[in-house]
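Colleague: Just dropping this structure here.
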Amino acid sequence: MPGMPSLDEAIQRIEITTGDITQLRVDAIANAANESLLGGGGVDGAIHRAAGPQLLEHNKTLGGCPTGLAKITPAFDLEQQGIRHIIHTVGPVWPTTEAGRQAESEKLGYTREDVLLASCYTRSLELAREQGCEHVAFPAISTGVYHFPKDRAAKIALGHVLGDLQQHDLPARVIFCCFSDDDAAVYRETLNTRHQWM
Ligand code: AR6
């Protein structure tokens, strides 16, 4: 289709990096929040610390956010380093039940959690686009406290972000900000083996 970026072009717009997402210089960072939007541990705690207490005060007025959706806020203290927005999205908790284990081991089609995680990425990109964001960074949503299997989450993140980038010019660049080199290696391997799963 004319004007439709190819998959290869979309891949050029992706960056996989290791580090603390609060240290990046991007228009928007995504936060792996919980439904209260009132902070927590992991990347959520780091973002609230870096953005300062005004973020919590602001989020108290938002009425929370359902799993799979996202809400955008100012970046408060993080604006000093050029971050304009924080996109709070609530990833699914991976089920520690028999059904969850079976879904992972048998690589069954899509589970409810897969769909919710995909929605976190696509809804966050929609909000970023509405604000004209050029550069957006994501942590590996749900793969910490929420125990989503890392390789499964990487396929969902990469697959859905690449699909979105093929349909839109914005954001121009998406950064997957991993917290360890091992996590970044999972993303790189997932991207390199895309022909097996895309
Ligand atoms: N920068 C980038 N990535 C980070 C950072 C950071 N500063 N800190 C941690 N990570 P998690 P979840 C990585 O647990 O699984 C919170 O309490 C981390 O290594 O932060 O979606 C919320 O309030 C992992 O790869 O988020 C919720 O209650 C990834 O970020 C709950 O945790 C996500 O891990 C959400 O759990």
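Colleague: In square nanometres, what is one fourth of the surface area of the convex hull spanned by the alpha carbons of the stretch 46-154? Don't jump to the answer; show the numbers that get you there.
Modeller: Values: hull surface 30.0 nm².
If you wrap the Cα atoms of the stretch 46-154 in a convex hull and average its projections, you get 7.5 nm².
Colleague: Would you check the accessible area of Asp183, probe 1.4 Å, heavy atoms only, in square angstrom rounded to 10?
Modeller: 30 Å²
Colleague: Considering only the other residues whose Cβ falls under 13 Å of the Cβ of His168, what net charge follows from Lys and Arg at +1 and Asp and Glu at -1? Intermediate values should be presented prior to the final figure.
Modeller: On the way: positive: Arg13, Arg129, Arg173; negative: Glu9, Glu126, Glu130, Glu134, Asp164, Asp169.
Within the 13 Å Cβ shell, the charges total -3.
Colleague: Dipole of the stretch 1-81 (Lys/Arg Cβ +1, Asp/Glu Cβ -1, origin at the Cα centre): which of Gln54, Phe76, Ala10 lies farthest to the positive side?
Modeller: Gln54
Colleague: Return the carbon/sulfur percentage of the accessible area of the chain, one whole number, probe 1.4 Å, all protein chains in place. Walk me through the intermediate numbers first.
Modeller: Numbers: 4960 of 9540 Å².
Of all accessible area on the chain, carbon and sulfur atoms account for 52 percent.
Colleague: Express the accessible area of the stretch 73-134 per residue in Å², computed with a 1.4 Å probe while the remaining protein chains stay in the model. Intermediate values should be presented prior to the final figure.
Modeller: Working: 3030 Å² over 62 residues.
Per-residue accessible area for the stretch 73-134 comes out at 49 Å².
Colleague: Looking at the square roots a ≥ b ≥ c of the eigenvalues of the Cα gyration tensor of the stretch 21-90, which shape do they give, rounded for a/c under 1.5, prolate if a/b is larger than b/c, or oblate? All intermediate terms of the calculation are to be shown ahead of the outcome.
Modeller: Working: a/c = 1.62, a/b = 1.49, b/c = 1.09.
Prolate shape, in that a/c is at least 1.5 and a/b is the bigger ratio.
Colleague: Using a 1.4 angstrom probe and counting only protein chains, how large is the accessible area of Val186 in Å², to 10?
Modeller: Number for this one is 40 Å².
Colleague: Taking all pairs of distinct Cα atoms, average 1/r, flip it, and tell me the Kirkwood hydrodynamic radius of the chain in Å to one decimal place.
Modeller: Working: mean 1/r = 0.0593 Å⁻¹.
The Cα-based Kirkwood calculation yields 16.9 Å.
Colleague: Also, I was wondering about something else. Lys and Arg at +1, Asp and Glu at -1: add these up for the other residues within a Cβ distance under 14 Å of Ala46 and post the number.
Modeller: Details: positive: Arg49; negative: Asp20, Asp44, Asp77.
Summing Lys and Arg as +1 and Asp and Glu as -1 gives -2.
Colleague: Using Cα positions and a limit of under 20 Å, work out the aspartates and glutamates in reach of Lys150, with same-chain residues fewer than 8 apart set aside.
Modeller: Glu15, Asp20, Asp44, Glu98, Glu104, Glu106, Glu113, Asp114, Asp181, Asp182, Asp183, Glu189
Colleague: Please give me the summed charge of the neighbours of Ile72: other residues whose Cβ is under 14 Å from its Cβ, Lys and Arg +1, Asp and Glu -1.
Modeller: Around Ile72, the charge tally is 0.
The values are calculated or read from the model by the stated rules, or taken from the named source; none is laboratory data. What you see is a predicted model; the values in this text were computed from it and never measured. Glycine gets a Cβ as well: all are built from the backbone with ideal geometry, and neighbour counts include every protein chain shown. For the accessible areas, the whole protein counts, side chains as well, though only heavy atoms, and no ligand, DNA or RNA atoms are used. Shrake-Rupley method; radii C 1.70, N 1.55, O 1.52, S 1.80 Å.
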